Structures are given as C-alpha cells and as structure tokens.
1. Only one of Ser141, Ser191, Ser158 is closer than 26 Å to Val294 by Cβ and touching a residue at least 12 places away in the same chain (Cβ under 8 Å). Can you tell me which?
2. Can you tell me which residue within segment 194-214, out of those that are in contact (Cβ under 8 Å) with a residue 60 or more places away in the chain and charged (D, E, K, R), is farthest from Thr230 (Cα to Cα)?
3. Out of Val245, Val238, I need the residue that is more than 19 Å from Leu551 (Cα to Cα), in a loop (DSSP other than H, G, I, E, B) and not assigned by TED's automatic domain parsing to the domain that holds Pro132. Which one?
4. Quick check on my filter: what residues within segment 535-587 are of a type in the set (A, V, I, L, M, F, W, C) and over 29 Å from Leu516 (Cα atoms)?
5. Restricting attention to segment 209-226, which residues are part of a loop (DSSP other than H, G, I, E, B) and either of a type in the set (Gly, Ala, Ser) or surrounded by fewer than 22 Cβ atoms within 10 Å (Cβ to Cβ) (or both)?
6. Looking only at helices (runs of 4 or more DSSP H) that fall completely inside segment 299-409, which ones have 3 or more residues that are touching a Phe, Trp or Tyr at 6+ places or on another chain (Cβ under 6 Å) and of a type outside the set (Phe, Trp, Tyr)?
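The values are calculated or read from the model by the stated rules, or taken from the named source; none is laboratory data. Values in this document were obtained by computation on a predicted structure and should not be read as measured data. Cβ: placed from backbone, ideal geometry, glycine included. Neighbour counts: every protein chain shown.
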Amino acid sequence: MSHQTLYRFASLLILFAFLLGGCGPAATPTPAQEVPKPTEAPVKPVATEPPVPASKYSEAPALAEMVEAGELPPVEERLPANPLIVEAAEVGEYGGTWRMGMRGGTDDVSFYRILGYETLVRWTPAWDSIVPNLAESWEVSDDATEYTFHLRQGVKWSDGESFTADDIDFWFNDVVSNTDLQATMPAWLTSGGKPVKFEKVDEYTIKFTFEVPNGLFLQNLASPDARSLTNVPKHYAVQYHATYVDAAKLEAMLKEGGYTAWKDMFVAKVVQADGGGMGPYNVAGRPTLFAWMVEEPFSGNATQVTLVRNPYYWKVDQNGQQYPYIDKLVYGVYQDIPTMLLKALNGEIDFQMRHFNTLLNKAVLYDNMVTGDYHLFNLKEAGSNTNVIMLNLNHKDPVMREILQNKDFRIGLSYAINRQDIINTVYVTVGKPSQPAAQEGTPFYNEQLATQYIEYDVDKANEYLDKVLPDKNADGIRLRPDGKPMTIVIEIANAFTQQVDTGNLVAKYWNAVGILTEAKSEDRSLMYENKNNYLHDAYIWGGEGGMNPILDPRNFFPNGNESGYAVGWAAWYQNPADPLAIEPPAEIKAMIDKYNEVKAETTFDGQVAKMNELLQMSADFFPCIGISTVPPSYGIAKNNMHNVPDEMINSWSYPTPAPVNPFTFFFK
C-alpha cells in the first residue's frame with residue numbers, strides 16, 4: 001500500500017479514535033495484523049512476532065472427538081496456512097449456549113452484527129484502523145484507482161470446500177452484475193458514475209480498477225456495504241442460479257419451491273445481491289465463512305434459530321485455540337418486545353443490544369440485574385438523529401409529490417413538532433432538539449443543518465403551511481389543490497418502540513396544524529417494500545452518519561434506497577436506466593456531483609472539505625426532518641460471559657458489536 005494511501009486512511013481512522021476515545025475493546029488484533037502507521041514503511045503488514053506453531057493448534061473437545069472418530073480432518077488441515085490470530089483480552093474456554101432475541105420478518109441484521117461480519121478487511125474494535133481479514137494484505141495505487149488484494153490461502157467454507165478468488169469472481173460477475181438479481185451496480189462499486197472493473201489475477205489474488213479515483217473504497221470494504229462480497233459460495237450457489245441450471249430443471253425447482261422467479265429462489269436459498277436478507281440463515285448447513293453455521297434455520301413461522309460452531313473457522317487465539325469459544329447460538333424469534341424484555345429480566349438472554357434496550361426500559365433492567373444475573377454495558381451512539389422523518393419526495397401521486405417537494409411545506413411541518421415534549425416523553429429528557437446532522441465535535445458539523453426549523457412554533461408552522469395549502473375544510477383540515485383533504489400516513493417499523501411512540505406524537509402535532517396524519521406501526525418488511533417502491537407518504541428511521549457522514553450520507557443526499565425520501569432519485573444516481581429511476585432536479589444532481597468529488601479525493605482533508613460543501617447544499621435543500629440528538633444507549637450481558645467490553649461504539653457503519661469480535665466471547 002502506498003504511503004499516501006496509508007496516510008489517507010490512518011488520518012480518517014485516527015479521527016475516529018479521537019472522537020470515540022474511551023471505548024475499551026474486548027479483543028484486539030495482534031501487532032501482526034495492524035496496518036502500518038504513516039510513519040512506517042509503506043509495505044504490506046509485517047508480523048512482529050512469529051505465528052503460533054501448527055503443532056500447538058487446538059480445538060473444541062466436541063471437534064476433537066469428531067477427528068478421533070474420523071468424521072473430520074485434523075485441526076491443522078482445517079485451518080489455513082496462516083490462520084488469522086486475534087488476540088483475546090482473556091483466553092477463553094470452550095462450551096456453552098449463547099441465547100439472544102430477534103424479531104421475525106426482516107431482522108437479518110441481528111445475525112449479521114453478531115456473526116456475519118467477515119469481509120475482506122475489518123474495522124478494529126476501537127474504530128481507529130482497518131485490519132486484514134479474509135484479505136491477508138493489499139496494495140493501493142497512489143491515485144486510488146487500483147486496489148489489489150491477496151486472499152488468505154487455505155481458508156475453507158464450513159463444508160470443507162476452499163474459499164478462493166473464484167467465489168469472488170462469481171459474486172461479481174453472476175450476482176452483483178446480474179440485472180435479474182440487482183438492477184444496477186451498487187454505488188460503493190462505482191466512482192464518478194463509472195462501475196468498477198474486476199479481475200481475478202490468480203487463485204488468491206483479485207484486483208478492482210476504477211476509471212475515476214475512489215478514495216473511499218477500502219473504508220467501504222470494511223463496512224456493511226461489502227457484506228455480500230465474501231458471502232456467496234460458488235459451489236453451493238450455482239445450483240440456484242439460472243445461468244448454471246438447465247431450464248427445465250430450474251422450472252421444476254421453482255414450481256416445487258413455490259417461487260415465481262429464479263431471483264426469489266436465489267434470495268431465499270443464497271443471499272440478496274446486496275448481502276442482506278435471510279438467505280444465509282434459511283438453509284441448514286448452508287456453507288459459510290462465519291464462526292457459527294446454521295443448524296435450525298429461519299422460516300416465516302420459526303420460534304427459534306440455532307447455529308453451531310463452524311469446524312473450519314479460520315481464526316485462532318494467541319494460544320492457538322481455534323475460535324469460536326461458544327458452542328451454540330440460539331435466537332428466540334419474538335413477535336413483540338415485552339416478551340423479549342421479560343426473557344431478559346428472567347436471565348434467559350445472555351447478550352443483547354437491540355430491540356428492548358430503550359431508555360424507558362433501562363430502569364427496570366437496572367433494578368433487576370442481581371435477579372437476572374446480568375450487567376449493563378454502554379453504547380456510544382454514532383448516529384445523526386433519533387428519528388428521521390422522510391417525506392416521499394418521489395410520491396407516485398403527482399399532487400402529493402408537488403406538495404412534499406415544496407420546501408416551505410417541510411419547514412412548516414418541522415416547526416409544528418414539539419421536540420422537547422418528545423425528548424421528555426420518549427427519551428426521558430435525554431438529548432436536545434436537532435435535525436439530522438453530523439455530531440458536534442466532528443469536522444463535519446454544520447450548525448445550520450443541525451439547528452434550522454427546530455423551534456416548536458405553531459404560528460410559524462401555520463405561516464409556512466399557508467403558503468402551500470391555504471384552504472381548509474369545515475373540520476380544519478388543509479385541502480390539496482385538487483380539493484382533497486391533505487393526509488399523510490407515517491409508516492414505522494413496529495420493532496422500534498421509541499420510533500413508534502415518536503411517530504404517534506408527530507401525528508398529533510401535524511393534526512393540530514391541519515394535516516390529517518396517521519402513524520402506522522407495521523412489520524419492517526412491509527414498510528421496506530413500500531419504501532423501496534416509493535409507495536409511502538412518509539416513514540421514520542434512525543439517523544446514520546453522525547460521526548462520519550462520508551461513509552453513510554443517506555440523510556444528506558439520496559445515495560441509495562435507504563434514502564427513503566427520494567428512492568427514485570437515488571436509483572437514478574446509481575443507474576439512470578433503472579426502472580425505478582427518476583431524474584432528479586438540478587439541486588440533487590449538484591449534490592451527486594459533489595459526492596463524486598468526495599470519492600475522488602485522495603487525502604482526508606480533501607474529503608472533509610468536499611463533504612462539508614455537500615452538507616451545506618443539503619442544509620439549503622432540507623431533505624428530511626429530525627427530532628433530537630442520539631442519547632447514549634446500553635446493552636445487557638450475563639455476568640459469566642467474558643470478553644464483552646464495558647463500552648462499545650454503536651453504528652451501522654461499524655457495525656456493532658461485530659468489530660469487538662463476538663467469536664472471542666466465552667462463558668466462565
């Protein structure tokens with residue numbers, strides 16, 4: 001890797017370390033795995049201590065018994081030539097079952113955050129560097145157009161088949177480049193509007209080449225964006241891919257499985273093109289590179305999902321013990337949060353940092369720690385807002401579209417919200433009124449973006465709304481230009497109770513200024529289906545990009561389908577030929593051009609400068625409405641579970657708790 005490139009990434013990540021100082025990691029990579037600092041020679045990572053001798057590798061007793069019985073090869077043959085050594089804070093012991101809770105439907109991130117973060121490169125636990133993972137080393141050209149990765153040789157899928165460049169070649173050419181599976185190349189694989197070129201150099205070497213510099217590519221590879229890249233085992237996936245299956249056989253498979261298209265079968269059995277979805281967890285024994293593999297799969301009526309140790313997992317601790325330490329993961333599938341909370345209070349959940357960990361529940365969880373035999377750990381939030389209200393600026397109803405695209409209308413709705421009341425009621429007085437914005441103290445903070453239109457002022461709200469919808473009916477409901485009552489349905493995922501409570505209050509405030517508003521709590525899968533096809537009026541989601549909006553700019557300009565206020569514009573940004581694409585106005589095109597300039601910068605200072613220009617453009621456009629700054633959160637862990645840090649960063653870009661290495665957790 002070039003000296004200039006190392007400086008670029010180190011500068012960014014040192015900033016993270018400064019901002020997020022105090023996060024004590026449970027397990028950190030050995031010096032052999034660290035990326036060199038800018039003052040060191042610009043070479044690939046060099047070991048500072050010898051690897052664990054092969055003769056010292058050991059394994060879980062259950063696996064040793066299988067080896068003895070001739071059911072598995074010896075551990076030395078199952079590990080790669082150079083297994084990744086991850087130093088645990090405390091050397092663990094084998095055994096135990098880890099119990100967690102998840103929601104039904106589309107809660108695949110509950111798996112991903114715990115075990116699915118096995119990309120080419122990873123964030124360190126402190127989010128202060130990027131370290132090798134499935135890629136053992138890499139080189140980047142000085143102009144950030146060529147990225148060459150050397151894969152860790154000898155890594156095997158959980159069924160014993162080799163993981164090689166062929167798997168990534170299949171992912172690139174047959175999954176993300178296949179328009180049946182993904183309409184357009186994802187934005188992180190483009191630069192300057194041009195898609196990346198992929199080359200399989202040899203069995204363990206791959207190269208990505210961009211026509212325009214992409215200074216963010218390595219960081220994107222360490223983020224959830226790249227989760228599909230190493231999650232498609234070719235030898236398994238081909239049996240569900242139309243290119244590799246005889247047409248008659250494929251038709252029979254679709255009929256037998258009840259699928260209408262081969263894409264549906266591929267997503268259900270393998271993975272979504274973007275890496276999300278339940279595909280990796282729907283099939284027992286599906287080959288994986290994760291620390292645990294599926295035993296009892298997820299299904300629509302599942303009450304639990306179980307995963308067991310992957311005998312071919314390719315990481316070891318400092319004593320040569322093969323990870324993971326814990327034998328089995330059991331996810332209870334819950335349809336409501338109170339039931340999950342009761343399980344936690346009864347001590348039947350071993351580690352959890354999602355769903356029931358609201359501020360309103362903190363007191364009861366704290367009071368019950370002794371009885372439940374657990375403790376709380378802190379989460380330092382890296383988000384931009386507690387709730388982002390995204391009005392659908394690409395609404396299919398042309399009258400609604402014109403109204404929602406009117407900035408005065410959005411300003412009026414913003415003034416109508418009593419944010420302090422929401423903070424007091426939903427967030428137990430923690431936080432302050434804010435629009436979605438980078439956090440104070442970061443080099444991306446924009447005061448206008450954070451503080452505009454946040455006062456609760458009904459007179460101002462009516463003043464701005466009168467500019468757009470001055471007429472009202474006898475009930476005081478504002479009328480659209482076509483004479484129909486102005487109605488808005490705010491869709492909210494029912495798994496997130498604080499957002500549901502916020503949505504109900506927002507509906508009350510908007511009704512008070514003549515907008516007939518309903519807060520509709522529903523399953524996340526339905527909400528996402530409506531949002532992805534821009535069938536919604538509005539929806540609420542948490543704000544991302546509070547620490548570094550470069551990595552996740554969804555709330556600041558429409559960069560992907562998570563920008564629910566303008567999915568059609570985002571589709572145009574990624575591919576103007578996409579059937580969902582809607583050509584955006586000049587203001588949005590200017591933001592898109594500016595973000596391309598951000599990506600083309602090869603220094604951190606240059607990226608910050610360009611991103612701040614984009615954030616100012618976003619402030620002037622005012623794409624979505626926020627509620628408040630994100631308060632610190634918490635999770636719970638049983639007292640006998642070790643290597644769990646007392647504090648973690650909480651971010652989707654990170655993605656918590658994966659970088660603190662849950663495969664090092666153990667019961668003592």
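1. So the residue among Ser141, Ser191, Ser158 that is closer than 26 Å to Val294 by Cβ and touching a residue at least 12 places away in the same chain (Cβ under 8 Å) is Ser158.
2. Applying the filter and picking the extreme gives Glu211.
3. Result: Val245 is the single residue among Val245, Val238 that is more than 19 Å from Leu551 (Cα to Cα), in a loop (DSSP other than H, G, I, E, B) and not assigned by TED's automatic domain parsing to the domain that holds Pro132.
4. If the condition is that a residue be of a type in the set (A, V, I, L, M, F, W, C) and over 29 Å from Leu516 (Cα atoms), then Met547, Ile550, Leu551, Ala571, Trp572, Ala577, Ala581, Ala586 are the ones that fit.
5. Glu211, Val212, Pro213, Gly215, Ala222, Ser223
6. On the way: elements: 337-345, 359-367, 369-372, 398-404.
Because the criterion is at least 3 residues that are touching a Phe, Trp or Tyr at 6+ places or on another chain (Cβ under 6 Å) and of a type outside the set (Phe, Trp, Tyr), the helices (runs of 4 or more DSSP H) in segment 299-409 that meet it are 337-345.
Residues are listed down the side, and each one gets a yes or a no for (1) surrounded by fewer than 21 Cβ atoms within 10 Å (Cβ to Cβ); (2) closer than 30 Å to Leu341 by Cβ; (3) of a type in the set (D, E, K, R):
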| position | (1), (2), (3) |
| --- | --- |
| Ala69 | yes, no, no |
| Gly92 | no, yes, no |
| Gly96 | yes, yes, no |
| Ile114 | no, yes, no |
| Leu134 | no, no, no |
| Trp138 | no, no, no |
| Ser141 | yes, no, no |
| Phe149 | no, no, no |
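Residues checked against (1) surrounded by 17 or more Cβ atoms within 10 Å (Cβ to Cβ); (2) touching a strand residue (DSSP E or B) at 6+ places or on another chain (Cβ under 7 Å):
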{"residue": "Ala242", "(1), (2)": "yes, no"}
{"residue": "Gly257", "(1), (2)": "no, no"}
{"residue": "Ala261", "(1), (2)": "no, no"}
{"residue": "Lys269", "(1), (2)": "yes, no"}
{"residue": "Ala273", "(1), (2)": "yes, no"}
{"residue": "Gly276", "(1), (2)": "yes, no"}
{"residue": "Arg286", "(1), (2)": "yes, yes"}
{"residue": "Phe298", "(1), (2)": "yes, yes"}
